[in-house]
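K.L.:
Handing you a structure now.
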């Protein structure tokens, strides 16, 4: 299969995943009806029309944005740190978000507020991840090599995680439950304001990222070689960290810390496209990330039942076996 | 490329001081000396990866440290051995990376770029390897690919840091021959650090010999006449034989 054919397959898969996602759930909406409604002809059954437009479509768009953001962030971090285990959260973004939410929940109950609105946790998570990110960014300006930066990022993550454990040890059963619920990830709670902010950040981040495709490719040769080719390592590093922070940070703030996808999708794409050229992998991870997230969300809705599984568990349950299977079959991870 | 009162090393440790010499176009220059004497540091200084302790490197009447990374990428290319390149790049992808300084923001190759890449594949007889991943190559083939990458970068200066490590005798000779031809036929100034003293004597135009406190820069013949090769290693172990132009192991004293 040529690269173009692979992209066609990927796009078709993404569209199928989107339609499945819109149609399946506790209530099924026929495929054709959702298509027609998207095209402007309302569905006769007005409650289905309502479910589609005020619940399914925002959720699907969120899944698209979050999936592609996280996959792209993972790609950036893997290339920057030349480490196949790097993911969007190596710089402590998700633990920062967790800390923000944990502090909010604790603080709120201290003032006698028992339930926090969705918007509040989003703001808490954003502030938390921004603080950790700016700390890591400040360090990035001082540290010479990326490996030290990676370790420092992980250390920041550990500190934040430790504070979160302390806080959860001290909190009440109800607070703990709320926190765990948040950490399992939730695509459905998004409101229109958050969704617009997410969309703007995602589109902006991805567009700016296109400018980094060329230096990302040079980084594949190692930092010394990249430098000799005229790449400013420090500048590229900061740009990558800022874009990753925005993409992964906003995704985490809005749907909770969704693990795994950001680590796995770049590997899946490299294996399937049989290249590590970012000109191909960059668009590939965006589409694949979105597709994967849509599929996982569809599955987590447990079609034909009213039960819902946490999205964070589904991404790993589905994704990990795929990676294992691919590795056994292809025998070598391209990295 | 002219070195003026150049001192190199790291913070608090000066390795080589007061280098005054120039590397000319169309020549193969070998830097030799024992481990840790400063060969790689000199390569790194000349490629602007680290700063000199004092003195200056002058290229086309410009000081190296004042040249922007983008401009110096069009003047100096570097072949580093044993660095963390990603070996999953294909040969073609790796070589085309040498065109980086000339490409637009998206890295789109033009007709001229394709031509020079084809020329490099031809020149180093690696056309058959173009779609192979670097991980599938032998050390000798990989070294050729790295040099081809430096070639397409189209710079008047090519620096190589111990390119002959890991190569067998045939490939070592092949490498030196390739570099020597590249210098002559394309008027490149090639500077390499190496432990291959005997190969350098045969094929290099100029040799820079780094010793503990001093250094010599001259043609191999000149250096043999001065008898300086005997001062590289402790004489109780090896002796330089000016007639065979090689080192003899000293078995008499054992």
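K.L.:
Please list, ordered by residue number, the helices (runs of 4 or more DSSP H) wholly in region A:216-335 having 1 or more residues that are more than 26 Å from residue B:131 (Cβ to Cβ) and either touching a strand residue (DSSP E or B) at 6+ places or on another chain (Cβ under 9 Å) or within 14 Å of chain B (Cβ to nearest Cβ) (or both).
P.N.:
Details: elements: A:223-228, A:233-255, A:261-273, A:278-300, A:311-330.
The qualifying helices (runs of 4 or more DSSP H) are A:223-228, A:233-255.
K.L.:
Let me ask you something else. Any residue that is surrounded by 24 or more Cβ atoms within 10 Å (Cβ to Cβ) and over 25 Å from residue B:95 (Cβ atoms) - is there at least one of those in region A:265-278?
P.N.:
yes
K.L.:
Exactly one of these conditions fails for residue B:32: (1) at pLDDT 90 or above; (2) within 11 Å of another protein chain (Cβ to nearest Cβ); (3) touching a helix residue (DSSP H, G or I) at 6+ places or on another chain (Cβ under 9 Å). Give me its number.
P.N.:
So residue B:32 meets the others, but not (2).
K.L.:
Still on this model: What number of residues within region A:112-122 are crowded, with 17+ Cβ neighbours inside 10 Å and in a helix (DSSP H, G or I)?
P.N.:
Taking region A:112-122 and keeping what is crowded, with 17+ Cβ neighbours inside 10 Å, we get A:116, A:121-122.
With the extra rule that they be in a helix (DSSP H, G or I), the set shrinks to A:121-122.
Of the residues in region A:112-122, 2 are crowded, with 17+ Cβ neighbours inside 10 Å and in a helix (DSSP H, G or I).
Conditions tested, residue by residue: (1) more than 24 Å from residue B:36 (Cα to Cα); (2) surrounded by fewer than 23 Cβ atoms within 10 Å (Cβ to Cβ).
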position	(1), (2)
B:133	yes, yes
B:151	yes, no
B:158	no, no
B:162	no, yes
B:178	yes, yes
B:190	no, no
B:199	no, yes
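K.L.:
Which one of B:123, B:80, B:129, B:89 is touching a residue at least 12 places away in the same chain (Cβ under 8 Å), closer than 26 Å to residue A:335 by Cβ and more than 9 Å from chain A (Cβ to nearest Cβ)?
P.N.:
Values: B:123 fails: closer than 26 Å to residue A:335 by Cβ; B:80 fails: more than 9 Å from chain A (Cβ to nearest Cβ); B:89 fails: more than 9 Å from chain A (Cβ to nearest Cβ).
Step by step, each of B:123, B:80, B:129, B:89 is checked, and only B:129 is touching a residue at least 12 places away in the same chain (Cβ under 8 Å), closer than 26 Å to residue A:335 by Cβ and more than 9 Å from chain A (Cβ to nearest Cβ).
K.L.:
What's the total number of residues in region B:45-71 that are in contact (Cβ under 8 Å) with a residue 24 or more places away in the chain, under 25 Å from residue B:99 (Cα atoms), in contact with a strand residue (DSSP E or B) (Cβ under 8 Å, 6 or more places away or on another chain) and not in a loop (DSSP other than H, G, I, E, B)?
P.N.:
5
K.L.:
Another question, then. Conditions: (1) out of contact with any helix residue (DSSP H, G or I) (no Cβ under 7 Å at 6 or more places or on another chain); (2) in a helix (DSSP H, G or I); (3) in contact (Cβ under 8 Å) with a residue 24 or more places away in the chain. Residue A:8 meets all but one. Number of the miss?
P.N.:
(3)
K.L.:
Take residue A:51 and tell me if it is on the phi < 0 side of the Ramachandran plot, surrounded by fewer than 24 Cβ atoms within 10 Å (Cβ to Cβ) and assigned to a helix (DSSP H, G or I).
P.N.:
On the way: on the phi < 0 side of the Ramachandran plot: yes; surrounded by fewer than 24 Cβ atoms within 10 Å (Cβ to Cβ): yes; assigned to a helix (DSSP H, G or I): yes.
Here the answer is yes, as residue A:51 does meet what is asked.
K.L.:
Here's something else I'd like to know. Looking only at region B:92-117, which residues are under 21 Å from residue A:210 (Cβ atoms) and either more than 7 Å from chain A (Cβ to nearest Cβ) or part of a loop (DSSP other than H, G, I, E, B) (or both)? Quick ask: steps written out before the conclusion?
P.N.:
Going residue by residue through region B:92-117, those that are under 21 Å from residue A:210 (Cβ atoms) are B:93, B:96-97, B:99-110, B:113.
Residues satisfying the conditions are B:96, B:99, B:102, B:103, B:104, B:105, B:106, B:107, B:108, B:109, B:110, B:113.
The values are calculated or read from the model by the stated rules, or taken from the named source; none is laboratory data. What you see is a predicted model, and the numbers here were worked out from it, not measured in a lab. Cβ atoms come from the backbone with ideal geometry, glycine included; neighbour counts cover every protein chain shown.
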